[in-house]
Amino acid sequence: MNTPANTTGLVAIMEYSAVEDAEFNRWYNTEHLPERQRIPGFLTCERWISIAPDKLSIGSYDLESPDVLQSEPYLAVAFENATPWTKKVTGMCTRILRVISEQRTPGNVLAPSGAGGLLFSALNIAPELEPEFEEWCDTEHLPALAGVSGVLAARRFVGEGASHRHVFLYHLTSPEVVQGGAWKTAARTPWSERIVPQYRDRVRIVCRRPD
């Protein structure tokens, strides 16, 4: 299957503290994730658990296009067509965020295999600042973080009509990468110090693989 010029990212985040860990893990691993993996157009399907805050489940997917989420195979298992088990488990969870966005940088790189950690970041920024923000992302910020030892992929996504327009996914060898000195040095530059305070509605979650 050829990867499109710009893939679509889907990230769904749920708070699941009202569900027993054993049942939540069994449902996710034996029903929810396999359902998505069987749907044409789902290129990668990953499951993550937050380190802080606790009890957040993050599903991260690479799609051929947003049309996959309107396709018959997807709709056959989603929303009102979900199984009784899915309705039971998700009914006990709180949706935190669901964002659909187009990969802008690099464009069509899929989630790498072998990652032990993920940093998810989503935010908004004032429209008049977007040109400089995107230049900073693509010429300084992402290249610098991508060059840090332990970063397997640094990707930027942009969504239209979502609660958060800008989404960043950093696949890491381990969650501890973002605590290291090399990461902090790459992330803190004079240009960054001017841009970062302009963030709005920021959500930042450091994740690990489920046990």
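Numbers below:
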read-out: Mean Cα-pair separation over length for segment 1-76, i.e. relative contact order, pairs under 8 Å, 6 or more apart, %; value: 40
read-out: Heavy-atom accessible surface of segment 15-86: percent carbon and sulfur, 1.4 Å; value: 53
read-out: Residues of the chain: accessible area per residue with a 1.4 Å probe, Å²; value: 47
read-out: Cα coordinate range in segment 1-47, projected on the principal axes (Å, largest first); value: 40, 19, 11
read-out: Distance between segment 189-211 and segment 25-44 - C-alpha centres, whole angstrom; value: 28
read-out: Per-selection Kirkwood Rh - the chain (Cα, Å, 1 d.p.); value: 17.9
read-out: Computed FRET value (nearest 0.05) for Thr30 with Arg208, which takes r as the C-beta separation and R₀ as 22 Å; value: 0.60
read-out: Environment charge at Pro190 (Cβ cut-off 14 Å; Lys +1, Arg +1, Asp -1, Glu -1); value: -1
read-out: Segment 19-159, relative contact order [Cα under 8 Å, separation at least 6], %; value: 22
read-out: Set of aspartates and glutamates with alpha-carbon distance to Lys88 below 17 Å, sequence-local pairs under 8 removed; value: Glu15, Glu20, Asp21, Glu23, Glu31, Glu35, Glu80
read-out: Nonlocal amide H pairs with Ile96, under 5 Å, H built at 1.01 Å; value: Ile13, Met14, Glu15
read-out: Enclosed volume per residue, in Å³, of the convex hull spanned by Cα atoms of segment 125-211; value: 106
read-out: Accessible heavy-atom area order of Lys88, Lys55, Lys184, highest first, probe of 1.4 Å; value: Lys88, Lys184, Lys55
read-out: Local net charge near Cys207, Cβ-Cβ under 15 Å (Lys/Arg +1, Asp/Glu -1); value: +1
read-out: Most positive-pole-ward Cα, Leu69, Thr86, Gly117, against dipole of the chain from beta carbon charges; value: Gly117
read-out: Taking segment 90-189 and dividing mean pair separation by its residue count, relative contact order in percent (alpha carbons under 8 Å, at least six apart); value: 38
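The values are calculated or read from the model by the stated rules, or taken from the named source; none is laboratory data. Bear in mind the structure is a predicted one, so any value in this text is a computation, not a measurement. Note that each Cβ is placed from the backbone with ideal geometry, even for glycine, and that neighbours are counted across all protein chains shown. What goes into the accessible areas is simple: the full protein's heavy atoms, side chains included, and nothing from ligands, DNA or RNA. Shrake-Rupley method; radii C 1.70, N 1.55, O 1.52, S 1.80 Å.
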